[in-house]
Amino acid sequence: MTKEEVVHLFVLIEMVYPYCVPKSETVTHWFDHCRDLDFGKVIANLKRHMKRSPYPPAYIELTEFSPGTGTENCIGSWMEEYKPRKGA
């Protein structure tokens, strides 16, 4: 995603969820970690989320794609610590 696409995404989220104003750290995070994301897929996930939830989406809800799209690892290794451990 380009910077313009990230800005477009956050403007759309703010229009739909007016009480959701992202912090500058959130926007910076998207700029830093989502260059390889497909904007069309992120927007499709956002549209799907808007139809079913009155609450703003979480990062993972917008960046999670079906297996085999080549973007499964775009979330980064920093998310590994938040995955459930096997046997827990």
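Coordinate-derived values only; no laboratory data. Computed from a prediction, not measured in an experiment: that's the story for all the values here. Counting neighbours? That spans all protein chains shown, and the Cβs are built from the backbone with ideal geometry, glycine included.
Just rank V42, V21, V27, fewest to most, by other beta-carbon atoms within 10 angstrom.
Going from least to most buried by this count: V21, V27, V42.
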Rough spin-label spacing in nm, given labels placed 7 Å along Cα→Cβ, for D32 and Y17
2.1
